[in-house]
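Enquirer: Questions regarding the structure given below will be posed in turn.
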Amino acid sequence: MTATENKSSIKGGEFLIKEVEAHQIFIPEEFTEEQQMIAETCRDFLKTEVHPRLNEIDTAKSPELISSLMTKAGELGILGTAVPEEYGGFGMNFNTSMLVAEALGTGHSFSVAQSAHTGIGTLPIVYYGNEEQKAKYLPLLASGEWKAAYCLTEPDSGSDANAGKSKATLSADGKHYIINGQKMWITNGGFAELFIVFAKIDDDKNLTAFIVEKTFGGITMNEPEHKLGIKGSDTRQVFFNDCHVPVENLLSTRGNGFKIAVNILNIGRIKLGIAVVGGSKGSLNHAINYANERKQFGVSISSFGAIKHKLAEMATRIFASETANYRAGQNIDDAIEDLKSQGLGDAEAKLKALEQFAIECAIMKVHSSEVLDYVVDESLQVYGGMGYSADAPMERAYRDARINRIFEGTNEINRMLIVDMLLKRAMKGELDLMGPAMAVGKEIMSIPDFSSADDETLFAAEKKVLKNLKKAALMVSGAAVQKFMMSLSNEQEILMNVADMAIEIYVAESALLRVEKLIGIKGEAAVELQKDMALIYLHEAVARVNNAGREAITSFAEGDELRVMLMGLKRFTKIEPMNLKNARRRVADAMIEENKYIF
């Protein structure tokens, strides 16, 4: 079987029960020179057009500035990366569009506007529009001549999107749907020419999606919201008052809006994940620069062990999160090509592939947004008192980062979705989770294997650790399912514990496989620092899996079951100790020498 066949055979969520080989994953070092040039174009645009105007963007009293920057980005093709070529875009594959999102990740409010336009604003038409809708709207959106907004959230429907109260009724002559309703937190609302609007037709149970032009009339909006961060992002409440939408602007089919919303949010989650990796790298670069410049007690603070610890820990988490994002992105691309080879059309193949890896999309949204929060917090700490000043870059980064744990579904909702999707696939027979979980249950009742491993292949011991971490997650989730059955959905604390275990396993495995693949390409001597980071992350993941597992077990197990499961957890979360301090110092020293994040 070829490597490509191996890749396309990987299923979403399967990482918990299947060992993945290094050659099966994509790593960032494999991006082509052309792809890197596209990313560099995006970084250059931010450097010349956005970064010098961040204060102006944040304090602007009107949406014209962001809108004009979006127009310039459109002229460079930055808004058309995911739009098919026949509609004026570049038709890039998914992982290349991920690279673009990362490259734009330091754009603060501009990046939010760009992401909303190219993602939730444009992709519903790319994936669900008919030929006439695509031909009419996509060239306008890809060029930046028109900007888009996405109108889903309502005052009484946040995470419960299908609870929206906006209504659409067919006009007497059957030519228009008349929409009435209120939407809130609408990014780009103040300058968008096109809105993707969700409403229920008559008394339908599910939402329907509509393509609404601003010129249709009946659209009013509040002044921009005053927010903690992303102050330059135009966010408003939008009201639809007898807005007449031509029947041909119904998107997809009646009642399919909720599915559209869910699938588009899957894309948004992983795109947000990789974008905030770009933001994390930018904040770490600021921290490294400042640590080298700032003198205390006659030396640069970058020479202090406590500062080195912070820099290396930030780099390690960024490296791991970046790796897992592109691993998932390539899985999506491979699944798309596999589905197209089976006869599916381009849009349908993309939707099915994204649905297949919805678990990984949720994982990366949670992990990356929390890495960003960690990084901006620690970077500000490196700056000390200066970090709290609006004259330094970390004050804006700190405030702007906070929304990402709420965007695209809160991290709490995403954690519960991870476990819910895993269990639903198991119940449908798409993933055999219960078989391995039952096997683990039997294993913890047996005598432990105390023999030392003789396998001297690369990372044999670490891969055994990962295998055991997967057993720990299966043990806890399997026992929780048996205990609560259909009422498990009410045990949100346990669901989040299990999700944390799955997240750490996926990311730790990704980092290790990246380094293994790099060693195969460059040799071990050339990637010692990357190896340090992968091992640092694995050691920390073991501790986090143990903590989450213990918290879950003690939430529902008692007596002998409690003791047996805790012994099993201890058995499955062992790792040979290493000198983490020295490993972190090696990583930090290399970055301090180059005065930037170098991985």
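Each value in this text was obtained by applying a stated rule to the coordinates, not by laboratory testing. Model, not experiment: these values are computed from the prediction. For neighbour counting, all protein chains shown are included, and Cβ atoms are generated from backbone atoms with ideal geometry for every residue, glycine included.
Enquirer: For helix 411-427, what angle does its Cα long axis make with the longest principal axis of the chain, in degrees from 0 to 90 and rounded to 10?
Expert: Helix 411-427 sits at roughly 80 degrees to that axis.
Enquirer: Taking loop as defined by DSSP and a crowding limit of 14 other beta carbons within 10 Å, which GluC sites (Glu not before Pro) in the stretch 513-599 fit?
Expert: Listed in order of number, the matching sites are Glu558.
Enquirer: Here is a follow-up. Could you list the square roots of 5 times each eigenvalue of the Cα gyration tensor of the stretch 539-599, that is, the equivalent ellipsoid semi-axes, sorted largest first and rounded to whole Å?
Expert: Ellipsoid half-lengths, sorted descending, are 38, 12, 6 Å.
Enquirer: If you take the charge dipole of the stretch 150-251 about its Cα centre, with +1 on Lys and Arg Cβ and -1 on Asp and Glu Cβ, which of Ile230, Asn241, Gly158 is farthest toward its positive end?
Expert: Selected residue: Ile230.
Enquirer: Which is farthest toward the positive dipole end of the stretch 268-410 among Gly329, Met394, Met364, measuring Cα position about the Cα centre, with Cβ charges +1 (Lys, Arg) and -1 (Asp, Glu)?
Expert: Value: Met394.
Enquirer: With θ taken as phi - 60° and the coefficients 6.51, -1.76 and 1.60, list the Karplus ³J(HN,Hα) couplings across the stretch 538-553 in order, rounded to whole Hz; mark glycine and proline as x.
Expert: Going residue by residue, I get 4, 4, 5, 5, 4, 5, 5, 5, 4, 5, 5, x, 4, 4, 5, 4 Hz, with x marking Gly and Pro.
Enquirer: Checking a compactness column here: for the stretch 472-515, what do you get for Rg(Cα) / (2.2 N^0.38 Å), N being the number of residues?
Expert: Working: Rg = 12.7 Å, N = 44, 2.2 N^0.38 = 9.3 Å.
Taking N as the residue count of the stretch 472-515, the ratio is 1.37.
Enquirer: Let me ask you something else. When a/c is below 1.5 the answer is rounded, else prolate if a/b is larger than b/c, else oblate, so apply that to the stretch 83-123 with a ≥ b ≥ c taken from the square roots of the Cα gyration tensor eigenvalues.
Expert: Note, shape of the stretch 83-123 comes out oblate.
Enquirer: May I pose another question? For the pairs Lys350/Lys471; Lys517/Lys570; Lys134/Lys183; Lys281/Lys596; Lys259/Lys483, note any where the Cα-Cα span goes beyond 20 Å.
Expert: Lys350/Lys471; Lys517/Lys570; Lys134/Lys183; Lys259/Lys483
Enquirer: Further, regarding this structure: How large are Rg and Dmax for the stretch 428-594 when only the alpha carbon atoms are used, in Å?
Expert: Looking at the stretch 428-594, its Cα Rg and Dmax stand at 17.9, 55 Å.
Enquirer: So if I place +1 on the C-beta of Lys and Arg and -1 on the C-beta of Asp and Glu, and nothing else carries charge, what would the dipole magnitude of the stretch 230-342 be about its Cα centre? I want it in debye, nearest 20. Intermediate results must be reported in sequence, preceding the final value.
Expert: On the way: 14 positive and 10 negative charges, 117 e Å.
In debye, rounded to 20, the stretch 230-342 gives about 560.
Enquirer: What residues qualify as long-range amide H neighbours of Asp234, i.e. H under 5 Å apart, gap of 5 or more or another chain, H built at 1.01 Å from N?
Expert: Close amide H contacts, sequence-distant or interchain: Asn188.
Enquirer: Another question, then. So who's got an amide H within less than 5 Å of the one on Lys200, skipping anything under 5 residues away but keeping other chains? H placed 1.01 Å off N, in plane.
Expert: Excluding prolines and chain starts, which carry no amide H, the hits are Ser166, Lys167, Ala168, Thr208.
Enquirer: Would you work out which of Val50, Ile447, Asn414 lies farthest towards the positive end of the dipole of the chain? Charges go on Cβ: Lys and Arg +1, Asp and Glu -1.
Expert: The listed residue farthest towards the positive side: Ile447.
Enquirer: What list of ³J(HN,Hα) values in whole Hz, one per residue of the stretch 217-222 in order, does the Karplus curve 6.51 cos²θ - 1.76 cosθ + 1.60 (θ = phi - 60°) give from phi, with Gly and Pro shown as x?
Expert: x, x, 10, 10, 8, 6
Enquirer: Still on this structure: Residue-wise, which Karplus ³J(HN,Hα) couplings in Hz belong to the stretch 145-158, taking 6.51 cos²θ - 1.76 cosθ + 1.60, θ = phi - 60°, and x for glycine or proline?
Expert: 4, 10, 10, 10, 9, 10, 10, 10, 5, 10, x, 9, 9, x
Enquirer: Against the longest principal axis of the chain, how steep is helix 131-143, in degrees 0 to 90 to the nearest 10, with axes from Cα atoms?
Expert: Roughly 70 degrees, rounded to the nearest 10.
Enquirer: Hey, what number do you get for the chain at 222 nm if only DSSP H runs of n ≥ 4 count, each worth -39500 (n - 2.57), divided across all residues, to the nearest 500?
Expert: Calculated from helices alone, the mean residue ellipticity at 222 nm is -18500 deg cm²/dmol.
Enquirer: OK, next. Working only with C-alpha atoms, what are the Rg and Dmax values of the stretch 150-251, expressed in angstrom?
Expert: Cα only, the stretch 150-251: 13.4, 46 Å (Rg, Dmax).
Enquirer: Taking a quarter of the surface of the Cα convex hull of the chain, what do you get in nm²?
Expert: One quarter of the hull surface, i.e. the mean projection, equals 28.2 nm².
Enquirer: Between the helical axis of 305-341 and the dominant principal axis of the chain, each derived from Cα atoms, what acute angle in degrees is found, rounded to the nearest 10?
Expert: On a 0 to 90 degree scale, this one is about 60.
Enquirer: Kirkwood hydrodynamic radius (Cα pairs, Å) of the stretch 74-159?
Expert: So the Kirkwood estimate lands at 13.3 Å.
Enquirer: Follow-up. What is the calculated FRET efficiency for Ser341 to Glu30, with r their C-beta to C-beta distance and R₀ = 22 Å, to the nearest 0.05?
Expert: 0.50
Enquirer: Still on this structure, please answer the following. Once amide H atoms are built 1.01 Å from N in the peptide plane, which residues 5 or more positions from Tyr150, or in another chain, come under 5 Å H to H?
Expert: Placed amide hydrogens put Thr187, Ile196 under 5 Å from Tyr150.
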